[in-house]
Amino acid sequence: MRLVFKDLPLRSHPLARPAHEAARCAGAAGKYWPYHDRLFERQPDHERADLVRYAIEIGLDRDAFVRCVDERRYAAAVDADISQAKALGITGTPTFFVNGRPLIGAHPVETFREVIQEALRDSRK
C-alpha cells in the first residue's frame, strides 16, 4: 500500500493556498506531517503570521521557512497537483483512490477496510 497526499487548496478557503505551499516548505525540512497536523488543528487560522508561528512551534528554522514561503518555492508543485485533480475530475476534499476506485468525502475506517480488502481480492485473480 502507498499513501500519496496531494494538494488541492479550495477556492472557498482564501488562505488555503498559502497554507499548502507552507506545508511543502515544512516538508522540505522533514516536517511535513507535523506541520500538516498543526494546520488542521488550528484551522482556519492560516494568516502568514500563523503559518510562521506553526513552523517555529514544530522546530523549523524560522528564517529558512520564511524564505521558502516568501519565494513561493512550491507554487508550481501545488499547481501541478491542482491540474492533476482537475484532470481526474476531483472537485473537493477529501478524495481518496484505492486501486483507481474513488472514495469522495469523509468515510469511516470500515469503508476503507472493505475497499482495500476488495482490491486485495481483485489483485489475486
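Just so you know, all these numbers are worked out from the coordinates, no wet-lab data involved. This one's a predicted model, so the numbers in the text were calculated from it and none came from an experiment. Note: ideal-geometry Cβ built from the backbone for every residue, glycine included; neighbour counts use all protein chains shown.
Could you please find all residues in the stretch 1-18 being hydrophobic (A, V, I, L, M, F, W, C) and within 23 Å of Phe97 (Cβ to Cβ)? Quick ask: steps written out before the conclusion?
In the first step, residues of the stretch 1-18 are kept if they are hydrophobic (A, V, I, L, M, F, W, C); the result is 1, 3-5, 8, 10, 15-16.
The answer is Met1, Leu3, Val4, Phe5, Leu8, Leu10, Ala16.
With the condition being over 11 Å from the mean Cα position of the chain (by Cα) and closer than 29 Å to Val109 by Cβ, I'd like the helices (runs of 4 or more DSSP H) fully within the stretch 1-95 carrying at least 1 qualifying residues.
On the way: elements: 16-28, 32-42, 48-57, 62-71, 75-87.
Ranges flagged: 16-28, 32-42, 48-57, 75-87.
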